[in-house]
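The values are calculated or read from the model by the stated rules, or taken from the named source; none is laboratory data. Since the structure is predicted, the reported quantities are computational estimates derived from the model, not experimental observations. Here the Cβ positions follow ideal geometry from the backbone for every residue, glycine too, while neighbour counts run over all protein chains shown. Calculation scope for accessible area: heavy atoms of the full protein, side chains included, ligands and nucleic acids excluded. Shrake-Rupley method; radii C 1.70, N 1.55, O 1.52, S 1.80 Å.
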Amino acid sequence: GDMSADADYYASARARGAEDADGDSDGGVVIVEVVAGDAGAGDEGKSAAAVRGGGGAVQKNKAHRDGHVLNHATLWVVQLIFAVMHVFSNRALAHLTPTVFCAFRLAIGMPFLAVNARRERRDAPAMTRGMLVWVFPMACAIGCAYLMVFVCNKRSGASLVAFVQPVMPVSTAVFSAVLGLEPFTRLKAYGVFTVFVGTVVALRAYEIFENHGTSAVDVLLLLTQTNSYAAYVVMLSRATKDHPYPLTFLFLATFLAEIAIFAIAIPSLIKLDITAVPASAWGAVIFAGVGSSAVAHSLNSWAIARVKSVLPTVYSGLQVIFTIILAAIFLNETVGWDQGLGIFVTMIGVSFVARAKYDESHDARASSHAVNAADDDDDDDDDETATSHAPSHRDPALRAITP
C-alpha cells in the first residue's frame, strides 16, 4: 500500500487517542445510532432505530488480518534483499574498500529515503526536540551497522555475516526487555532460542569458525554489526511510540551516518581508480543502494512501527536460509541433510515468535471480546424474555460499542 498514506492514518489516529503505542488498535468503534421519531407524526411518535457499523466491524477485522499477513510478507522480502546483497557485494569488495562501497551505497539510496520521508510527513507538524533527540543515537547505531556489514564481509566472507544474524533477535529482545518496551514471554524465549539453534545448524557455523580460524577481532566485529542494528531497531520502536514517522527517522539517521562514513572514506576515494573497477562491482553497489538502503531498510522501518521490535529481527534468521539457496544457485554449493534440518528448526522458531506476537495483537483481543460479547448476548436474551411485556421509555441515544 501507500506508505505515506498509511503513516498519515496512524498519525491522525494517534491524535484521536485511538491507537496503542505499538500501532495496534484498541478496538474498532462500532456506532449504533438510535434516531428519534417525531413525537407528533408517524406511529404515534415511536422511535425508529438505525443500526450502523456491523458490516464496518467485519471489514475492520478483515483489514487487521490482511495487515498481519502484509507485515510478515514484508519481513520475508526484506531478508531476501539483505541476503542477495551479502552474496553479490562480496566480489565487489575485492575492487572497492568497505568504506568506499558503503559511502557510494548510501549516496545512491539517500534520494529514495528523502522522498519517502517527505511523503510520510506531508501533512505532519514541524519536527520537535523530542524527535530530534533520537536522531543522533540512531545515526551512530545504524551507521556502525551499515559500515561493519561490509568490513566483516571483506574480512570474514558473506556466509559468516549471515551466520551471526540470528544473534540479533536475542540482543533486541534483551534490549527491549531492559527498557520495558515489551514483555519477553516464555514462548518468545523458546522461539528466539530455537531460531538461533536452527540457523547455526543450517549453515554449520561451528565448522566454519573452526576451518577458517576466525580471530577474536573478527568475532567482535561481527557481533558489533548485529548489535548495532539491534540497538537501532529498539530505538526506532521506542521513538515511534510518540512520533509515528519511521521513514523520517531512517532518513535523518542515514543522512548523518553518510556524512561520517564519507569523511572516513576520503583517503580511499582519493586513491580510487574508477576505470579499474568492473561493471559487476558497480552493479553490486547500485543494488545495495537501491535494493538494500532504499527498499529493504524502508520496508523494515515501516514494519517495525507496526509490530513489536523483536519480531522483525527474529526474521533475520531467514537470511541464512536465503544464503544457502543463493549459494547453491550461484556458487554450486549443496545443502546437506543437517542443513535442511536446521532450516526446518529455524521455521519452527519463527512460528513460535509469530504466535506470541499474535497473542498480543488486536486480532487476539478482538476474538476474546467477541466470545465475551456472545456470552453477554445470551444473558441479555434471557433478561429480555423475562421482561418482554414491560414498556420501554428509554430516550434515544448514541451508543459507542468497543468490542
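Looking at the range 289-307, can you tell me whether even one residue there is over 20 Å from Leu75 (Cα atoms) and in contact with a helix residue (DSSP H, G or I) (Cβ under 8 Å, 6 or more places away or on another chain)?
Of the residues in the range 289-307, the ones over 20 Å from Leu75 (Cα atoms) are none.
For the range 289-307, residues over 20 Å from Leu75 (Cα atoms) and in contact with a helix residue (DSSP H, G or I) (Cβ under 8 Å, 6 or more places away or on another chain): absent.
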Somewhere in the range 231-253, is a residue modelled with pLDDT of 85 or more and in contact with a strand residue (DSSP E or B) (Cβ under 9 Å, 6 or more places away or on another chain)?
yes
Select from the range 164-213 the residues that are modelled with pLDDT of 75 or more and among the polar types (S, T, N, Q) and write down the one among them that is surrounded by the most Cβ atoms within 10 Å (Cβ to Cβ).
Thr172
The helices (runs of 4 or more DSSP H) lying entirely within the range 285-362 that contain at least 3 residues which are modelled with pLDDT of 80 or more are 318-330, 337-360
From the residues in the range 118-135 that are open to solvent by 40 Å² or more (accessible area, probe 1.4 Å) and not in a loop (DSSP other than H, G, I, E, B), which one is nearest to Thr248 (Cα to Cα)?
Arg118
